[in-house]
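Written below as structure tokens is the structure these notes are about.
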Amino acid sequence: MFDRLASLSPDGYRPHALHAAERIWPETNCYVDLWIEVLSALGLEPRAMLGFTLSQDFEGDQFTFFKVPLEDLERLYGIRATELAVYDPVESHVAMQIARGRLCLVEVDSFFLPDTQGVGYRSEHGKTTVAITALDAGARTLSYFHNGGFFSLSGEDFDGVFQRGEHAQPLPFLPYTEFAKFPDKAPQTDLHEIALDLLARHFARRPAENPFRPYKAVFEGQIEVLAERPFDVFHKYAFNTLRQAGANFELAATHLQWLAPDGSLERASSEALRIAETCKTLQFQLARALARRRFAGLGDALEPAAGAWDALMENVGERLAKSGHHDAAA
């Protein structure tokens, strides 16, 4: 299966529909986005893995940075992913694993990723994850998945990503790296049946309290603190709160539509989209409020998302009970 990834070229690469520009949140977070593209490039169905979105919670200062559980990848697609120990130069480990037909996911500095041109490339340092499909240390070239696409880099960017040459520096710790092992061929399984079972498991792990209500309770206080800080902090705050929640539930909506083409989860899907739209609208409102320094009543804009979350979970619970997943729906 890895051969399909190793032979990819950025030229003419077409991202999956989950990254279409017309979506409310065309990109979600680096980890989920790259798995969407990896699965799509392998000819697998990425919408099947998205049941984990039901378990997202508000963590007091942020919404859960949602990630596909590795056990879900194995159950659905036969892909086994785990941490890769790093004790030599990272590029040496990556080259070894690629030679063995494995995909490496490496945390790198987005400062050196040319696909972030106009956002962070050569202007802002930040941690992000890429999935590397091809690497030539001698030629200093690299092909990789990142966010919603497939790209390549070379030269100084290669040195910067791996902190070598002129960009070498003592590292406080080595970058977190995972590697994925692929089966010889995709398993012949009923993805819908497995995904429904996983949905029930994640539904059982849903937050005990509607996450938008505790967020609403602290929202205006957070914004008042945010207003006293440089405006660029707003982008980091929005990414870890409104974007994580909004993007998560737009993916949930897509998953529910795919899972139940009979329309039995249409209400839940619609409510999930309402959460995504509410978060996007509030992000724009928040930017304007910070410019004007007017925050009174802004937290009330979260109420539609709170109501939608309740309705979403109610519909999913009903559907799971009808399918025999009584324990999860309880």
Under the span-like rule (Cα at least 24 Å along the axis, Kyte-Doolittle mean at least -0.5), DSSP H helices of the chain: 266-292, 303-322
Extension reserve of the Lys322-Ala137 stretch, reckoned as 0.36 nm per residue once the Cα distance is removed: 61.1 nm
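Rounded to the nearest 500, what is the chain's calculated 222 nm mean residue ellipticity when only DSSP H runs of at least 4 contribute -39500 (n - 2.57) each, over all residues? Numbers along the way, then the final one.
On the way: 12 runs with 144 residues, N = 330.
Using -39500 (n - 2.57) per qualifying helix, the result is -13500 deg cm²/dmol.
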Could you compute the FRET efficiency for Asp3 and Asp262, with r as their C-beta to C-beta distance and R0 at 25 Å, rounded to 0.05? 0.10
So if each residue of separation counts as 0.36 nm, and I subtract the Cα-Cα distance between Glu83 and Ala208, what length gain in nm does that give? 42.0 nm
Unit-weight point scatterers at every alpha-carbon of the range 155-305, Debye formula, q = 0.10, 0.17, 0.19 1/Å: log10 I(q)/I(0) is -0.61, -1.02, -1.09
Simple SL model, points at 7 angstrom along Cα→Cβ for Val119 and Ala21; separation in nm is 1.5 nm
23 Å Cα-Cα reach of Lys216 towards lysines, excluding residues that sit fewer than 8 places from it in its own chain: Lys236, Lys280
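Please get the size of the charge dipole for the chain, origin at its Cα centre, with Cβ charges of +1 on Lys and Arg and -1 on Asp and Glu, quoted in debye to the nearest 20. Working shown, then result.
On the way: 32 positive and 46 negative charges, 70 e Å.
The calculated dipole for the chain is roughly 340 debye.
Give me the net charge of Ala180's neighbourhood, meaning all other residues with Cβ under 9 Å from the Cβ of Ala180; Lys, Arg count +1, Asp, Glu -1. Write out the running numbers ahead of the final one.
Values: positive: Arg80, Arg102, Lys181; negative: Glu178.
Once all neighbours under 9 Å are counted, the net charge is +2.
Computed from the coordinates by the stated procedures, all read-outs in this text should not be read as laboratory data. Since the structure is predicted, the reported quantities are computational estimates derived from the model, not experimental observations. Reconstructed Cβ throughout: ideal geometry from the backbone, glycine too, with neighbour counts over all protein chains shown.
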